[in-house]
1. Quickly run through the range 168-209 and pick out the residues that are among the hydroxyl-bearing types (S, T, Y) and under 22 Å from F93 (Cβ atoms).
2. Select from the range 25-84 the residues that are surrounded by 15 or more Cβ atoms within 10 Å (Cβ to Cβ) and among the aromatic types (F, W, Y) and list them in ascending order.
3. Take the residues of the range 9-67 that are hydrophobic (A, V, I, L, M, F, W, C) and in contact with a Gly (Cβ under 8 Å, 6 or more places away or on another chain): which is modelled with the highest pLDDT?
4. Looking at the structure I just gave you, is L119 in contact with a Phe, Trp or Tyr (Cβ under 6 Å, 6 or more places away or on another chain), modelled with pLDDT of 95 or more and under 19 Å from R56 (Cα atoms)?
5. For the range 85-94: of the residues being buried (at least 17 other Cβ atoms within 10 Å of the Cβ) and assigned to a helix (DSSP H, G or I), which is farthest from the chain's Cα centre (by Cα)?
6. Collect the residues in the range 152-201 that are surrounded by fewer than 22 Cβ atoms within 10 Å (Cβ to Cβ) and touching an Asp or Glu at 6+ places or on another chain (Cβ under 8 Å), keeping them in residue-number order.
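The values are calculated or read from the model by the stated rules, or taken from the named source; none is laboratory data. As the structure is a computational prediction, the values presented were derived from the model and not from experiment. Methodologically, a virtual Cβ is constructed for each residue, glycine included, from the backbone with ideal geometry; neighbour enumeration extends over all protein chains shown.
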Amino acid sequence: MTEQHALNWDATNVTQTAVTTPPTDDGSLALIQRCLHGDDNAYVELYNLHAGMIYRLAYSLLQHQEDAEEVLQDSFEYAFRKLKNYNHKKSAFKTWLYRIAVSRSRNKRRRKWLPTSPLDGPIHIDIPDKNNPTPDAALALSEQQQTVWQALGELSPKLREVAILRYYQGLRYAEIGEILDIPPKTAESRMRLAHKALREHLAAALSEY
């Protein structure tokens, strides 16, 4: 595995999706309206629709399973309490959820000062998510994922946030800026720094093989 291969492992599809305009509605708006009218089943459907991506985001940022699960639950509890305040004209629901999850992840990291520890590969929990890889695919990618995620763990929190949102969530710089409350150009600048640091770390790690 080469350094460039490692960096591109989970970014190939990101490059393709990051330059396209995401759909304006994935069904969330209709579910939100049902929630606001007291439909308990709609809360479950809304959770199932977005829980997988929020867990993966929190786990990628914190690199700790239990903390990611806590952030997942905390993020949705807060989102559901504040659901009436969500304005679909200002941001996509996914973007709003990402912002909440990043904030909760920051709080968790500040409280615990989590050390970076090596990952043993993808973590599987019982959250319905049609985008989760199959077990065979996860096993095939785990070595590369571990190498890249260890490199991500060496980044500063600010650079790691941008790298995760760009590489693993496939977001555009405008979306990343909105989530992190920074200008898109700042997000792009941080991504360049993160990419440079990742290349250096991976070059050193891969030279040991």
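1. Correct list: Y168, Y173.
2. Result: Y43, Y47, Y55, Y59, F76, Y78.
3. Top of the filtered list is L49.
4. No: the conditions fail for L119.
5. Per the criteria, the residue is F93.
6. The answer is Y168, Y173, L180, A197, R199, H201.
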